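Since every read-out is calculated from the coordinates, none of them should be taken as a lab result. Computed from a prediction, not measured in an experiment: that's the story for all the values here. Glycine also receives a Cβ, built like all others from the backbone with ideal geometry; neighbour counts cover every protein chain displayed.
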Amino acid sequence: NAGVTQTPKFQVLKTGQSMTLQCAQDMNHNSMYWYRQDPGMGLRLIYYSASEGTTDKGEVPNGYNVSRLNKREFSLRLESAAPSQTSVYFCASRARGGISEAFFGQGTRLTVV
Amino acid sequence: GIQVEQSPPDLILQEGANSTLRCNFSDSVNNLQWFHQNPWGQLINLFYIPSGTKQNGRLSATTVATERYSLLYISSSQTTDSGVYFCAVWGFMEYGNKLVFGAGTILRVKS
């Protein structure tokens, strides 16, 4: 059982380049989330998708876009990368809102130079 | 929004020692999780424990929801237990439901 799978694991971008972080879960979960983790800032929510076909902004959405491609997949796109987006990105999923456990992917370490 | 506080912030143990990590939260919750972030950065689910007590090997956790705290017990610590331990609860923020993390407890186990 793979759980939540993120690709790539590592990426280096130049300022202004674009890229898409991929996330897929095989647990038939309804809700999916993108977080970023920065030293001293903890984990902050970027975007989330409560169910297939819906997406909503989180705490730090600027500079990002998302797509809930289907129930399994939730991608995060950086249209024009900036050094401030250097971070570790985590995707998470859970079965439904309210009372359920969240599971995280292994993370993507992104460096923007 | 809901606040989550963890203590202690740092902990150094000799291999074989026991420890207790604490998580306080500011509002009533119906779900609480403990995670271990290992030195490679992976977030590992330890417990989903909205209330009561659970045990998994050398680790156990207790949540007293009415008093708004949770405890994580690590017995007979091993060097592989090193890393950061996070407590997290689901809370409603202005932009929707969010998994709110504490700042974490950094645990270092020395051989």
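Provide the percentage of antiparallel DSSP beta bridges, counting only those with both residues in the protein assembly as shown; round to the nearest 5.
The antiparallel proportion sits near 90 percent.
Exposure proxy check: A:94, A:77 ranked by fewest other beta carbons within 10 Å?
Starting with the residue having the fewest Cβ neighbours, the order is A:77, A:94.
Just going by the charge dipole of the protein assembly as shown, with Lys and Arg at +1 and Asp and Glu at -1 on Cβ, which of B:53, A:41, B:64 is farthest out on the positive end?
A:41
If we count other beta carbons within 10 Å of each Cβ, what is the order of B:49, B:44, fewest first?
Lowest count first: B:44, B:49.
Dividing the alpha-carbon radius of gyration of chain A by 2.2 N^0.38 Å (N being the number of residues), what value is obtained?
1.00
Can you give the relative contact order of chain B as a percent, counting alpha carbon pairs under 8 Å and 6+ residues apart?
37 percent
Calculated FRET efficiency, residue A:62 and residue B:38, Cβ-Cβ r, R0 25 Å, to nearest 0.05?
It comes out at approximately 0.25.
Could you work out how far apart the two model spin labels at residue B:78 and residue A:51 are, taking each label as a point 7 Å from the Cα in the direction of the beta carbon, and quote it in nm?
Inter-label distance under the simple model: 4.3 nm.
How would B:98, A:9 line up from fewest to most surrounding beta-carbon atoms within 10 angstrom?
Least crowded to most crowded, the residues run A:9, B:98.
Report the percentage of all Cα-Cα pairs in region A:20-80 whose separation exceeds 14 Å, rounded to a whole percent.
For region A:20-80, the share of Cα pairs beyond 14 Å comes to 52 percent.
What is the dipole size for the protein assembly as shown, taken about its Cα centre, with +1 at each Lys and Arg Cβ and -1 at each Asp and Glu Cβ, in debye to the nearest 20?
340 debye
Given H placed on each backbone N at 1.01 Å, which residues far from residue B:68 in sequence or on other chains put an amide H within less than 5 Å of it?
none
Summing +1 for each Lys or Arg and -1 for each Asp or Glu, what net charge is found among the other residues whose Cβ lies under 11 Å from the Cβ of residue A:35?
Cβ neighbours under 11 Å give a net charge of +1.
Enter the per residue convex hull volume of the protein assembly as shown, computed from alpha-carbon coordinates, in Å³ rounded to the nearest integer.
118 Å³
Give me the inter-chain shielding for A:42-48: mean count of other chain Cβ atoms within 10 Å, whole number please.
5
Contact order normalised by length for region B:48-111, with contacts defined as Cα pairs under 8 Å and 6 or more residues apart; what percent is it?
24 percent
Given that compact globular proteins tend to follow 2.2 N^0.38 Å, what is the ratio of the alpha-carbon Rg of region B:16-111 to that value?
The value comes to 1.08.
Relative contact order of chain A: what whole-number percent is it, with Cα pairs under 8 angstrom and at least 6 residues apart?
Here the relative contact order equals 36 percent.
What spacing in nm lies between the two simple spin-label points modelled at residue A:44 and residue B:2, each 7 Å away from Cα in the Cβ direction?
In this crude spin-label approximation the distance works out to 2.1 nm.
Can you give me the convex hull volume of the Cα atoms of region B:60-101, divided per residue and expressed in Å³?
82 Å³
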